[in-house]
Amino acid sequence: MRTLLTVILAGALGVGALGCETKHDEKSFRKAAEEAYREVNAGWMIEKRTPAETIFVRGDQLDRLPVADLFKAYQDSKQSGGDFFDAWKAEQTKLIEARRRTVEQAKDEIIPILKSGSWVKVQDLGAIGPARMRDQIRPWRKEVATDLYVVLGVPEAKLGYRLASVEEMNAVEGGQDAWLDRAVKNLVRIVGTSTSGGAALENAQGGLRVLDMPNTDGVSGLILDRGFRVKILEMFNQPSLGVAAPNRNVLIFFEAEDFTTTKPVRARTHQLYDTQNHPAFRGLLKIEKDAVSVMEAANPKPPK
């Protein structure tokens, strides 16, 4: 009776004692591959699908699952889908553990990255599961100004900047503000504060009207450094300036009182935010020596 029951269950499930399992076609294989990916990569979400791959995103990182190549490897292996993906997940887990670096290990390379409040909310919505799991996935953040936040980027091989989680930042020694200060100093050292190579536009008096910094990865975070703000304000000879930081690699300073300057900068800011990777802030910011504030909201309410 037990043998007969085993056979019946195996036939119903398509797997088991008979050693048979439904073979994947391309469609079912992609679904199984994406599920396997998410099992070993907590917090990653599908960004886009193409015939050859599925693109996943988590925070500021992008990863590509080569579905077409994996399907061919699966066909060539002659393995069941379960055996194939068990081996693949084990291999991927080893690779993830090998390249992962803690905040402490990357203490001289972590950098601050600007983000809008709407971006932070999307990350929090993607952190599904029990409280402890959510804090492992949710990026740590600190509010800089209304709807403007800073997170910490930890460089990781292949994938770019991994964002330090709430859980790991709650466990750091020396205080979170001290780690943020360290990250800002790292950025100044790594990116540099030279304005050479950027695009400049002068006003009628021969002074600076617009300064578009060189598109270096991470450059937008420089506005968090007081020394850099002082330098830029002195270059413009102004007590305050407008700032556009739509992406991690874009930083534009401009005379905020000049409408003919503000309008095109605003348009370019929105365009870059909507079309480029690694978004920062969609609105316009303002800097003074001792402050960073919001000049125009990231998502302004339409006039009534």
Single match in Ala106, Ala127, Ala164 (criterion: under 22 Å from Ile46 (Cβ atoms), surrounded by 16 or more Cβ atoms within 10 Å (Cβ to Cβ) and touching a residue at least 12 places away in the same chain (Cβ under 8 Å)): Ala127
Looking only at the range 193-213, how many residues end up being in a loop (DSSP other than H, G, I, E, B) and either out of contact with any helix residue (DSSP H, G or I) (no Cβ under 9 Å at 6 or more places or on another chain) or β-branched (Val, Ile, Thr) (or both)? 9
In the range 55-80, what residues are surrounded by fewer than 17 Cβ atoms within 10 Å (Cβ to Cβ) and part of a loop (DSSP other than H, G, I, E, B)? Pro66, Lys78, Gln79
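Just to be sure before I move on: is Asn215 over 19 Å from Pro246 (Cα atoms) and touching a strand residue (DSSP E or B) at 6+ places or on another chain (Cβ under 9 Å) in the structure I sent? Can you show your working first?
Working: over 19 Å from Pro246 (Cα atoms): no; touching a strand residue (DSSP E or B) at 6+ places or on another chain (Cβ under 9 Å): yes.
Here the answer is no, as Asn215 does not meet what is asked.
Residues are listed down the side, and each one gets a yes or a no for (1) at pLDDT 95 or above; (2) surrounded by fewer than 19 Cβ atoms within 10 Å (Cβ to Cβ); (3) not in a helix (DSSP H, G or I):
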{"site": "Phe253", "(1), (2), (3)": "yes, no, yes"}
{"site": "Glu257", "(1), (2), (3)": "no, yes, yes"}
{"site": "Lys263", "(1), (2), (3)": "no, yes, no"}
{"site": "Asn277", "(1), (2), (3)": "no, yes, yes"}
{"site": "Phe281", "(1), (2), (3)": "yes, no, yes"}
{"site": "Lys286", "(1), (2), (3)": "yes, yes, yes"}
{"site": "Lys301", "(1), (2), (3)": "no, yes, yes"}
{"site": "Lys304", "(1), (2), (3)": "no, yes, yes"}
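Across the range 202-224, what is the number of residues that are surrounded by fewer than 18 Cβ atoms within 10 Å (Cβ to Cβ) and in contact (Cβ under 8 Å) with a residue 12 or more places away in the chain? Spell out how you get there, then give the answer.
Pass one, the range 202-224, residues surrounded by fewer than 18 Cβ atoms within 10 Å (Cβ to Cβ): 202-207, 214-215, 217.
Subsequent filtering for residues that are in contact (Cβ under 8 Å) with a residue 12 or more places away in the chain retains 203, 207, 214-215, 217.
Residues that pass the stated criteria total 5.
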Is it true that Glu109 is under 30 Å from Val191 (Cα atoms) and assigned to a loop (DSSP other than H, G, I, E, B)? yes
Members of the range 136-166 that are part of a loop (DSSP other than H, G, I, E, B), in contact with a helix residue (DSSP H, G or I) (Cβ under 6 Å, 6 or more places away or on another chain) and on the phi < 0 side of the Ramachandran plot: Arg138, Trp140, Arg141, Ala157
Considering the range 23-53 alone, what residues qualify as being of a type in the set (Ser, Thr, Tyr) and either surrounded by 13 or more Cβ atoms within 10 Å (Cβ to Cβ) or not in a loop (DSSP other than H, G, I, E, B) (or both)? Ser28, Tyr37
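The values are calculated or read from the model by the stated rules, or taken from the named source; none is laboratory data. Here the structure is a predicted model, which means the values were calculated and not measured. For neighbour counting, all protein chains shown are included, and Cβ atoms are generated from backbone atoms with ideal geometry for every residue, glycine included.
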